[in-house]
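Worksheet for the structure shown next.
We did not get these values from a lab; they are worked out from the coordinates using the rules stated. Just so we're clear, the structure is a prediction, and the values are computed from it rather than from any experiment. Every residue, glycine as well, gets a Cβ built from its backbone with ideal geometry; the counts of neighbours run over all protein chains shown.
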Amino acid sequence: MNSASQSQPSAAAARELVTAVEHWSGRGRRMAAPAWFPLLCVSVTVLAWVPASLLLGDASAVYWYVVAPLSAVASGWYFSTRPAQPALRPGLIALVTGVAMLLGVVALLSFGSGEWMDVAPWLVVGAGLGVFALCWHSLATGVVAAVTLAASAVVAVVDPGQSQAALALVVGVAAAVGTVADLLRTDAVPSAADATS
């Protein structure tokens, strides 16, 4: 037998195997780390705060005491019930970050005072989203984190009228766009055609 004729099919098979491994590895990462759900929670809770603050008036901080824990519980439920779980290290980092975000925002709302208290909770959220973006390799979450931090800095410096409402709208819309972008790149369940390919 000619060894040269045997090497060509082996090289082609090896290339196909490498391509398949890359495809399924990428799909596994996307399934195990969808950032769209936390972004959706951020978008809904932040955008809903605008009408809630008009209704509640001076008691609008109560909204965050109720909604922030509910959002954290919803995100935790979502990740714990997914068929594809993230790897242990990114999962633990995301869990610790989520708890730190929740405690940080509640602590700032409860005990914070001074000029920076209008933007300090937003900075906590932006920093937390930045950690999520690194853990999950999510460009959309990274962009939302950057928008949140940049908008907070601008509001802190410029201090426009209705700064909280403006900040909420910017962050909420950015999170909504990030949700759609991340949903487009995330494959929730492999299709039957992919499974047979």
Take every Cα-Cα distance within the range 42-85, group them into 5 Å bins from 0 onward, and report for each bin the whole-number percent of pairs it holds.
-> 5, 22, 24, 18, 13, 9, 6, 3, 1
Site A153, offset 7 angstrom along Cα→Cβ, radius 17 Å on amide nitrogen, limited to the range 107-140, gives 116, 119-131
Sticking with the crude label model, points 7 Å out along Cα→Cβ, report the distance from R89 to Y63 in nm, one decimal please.
-> 4.0 nm
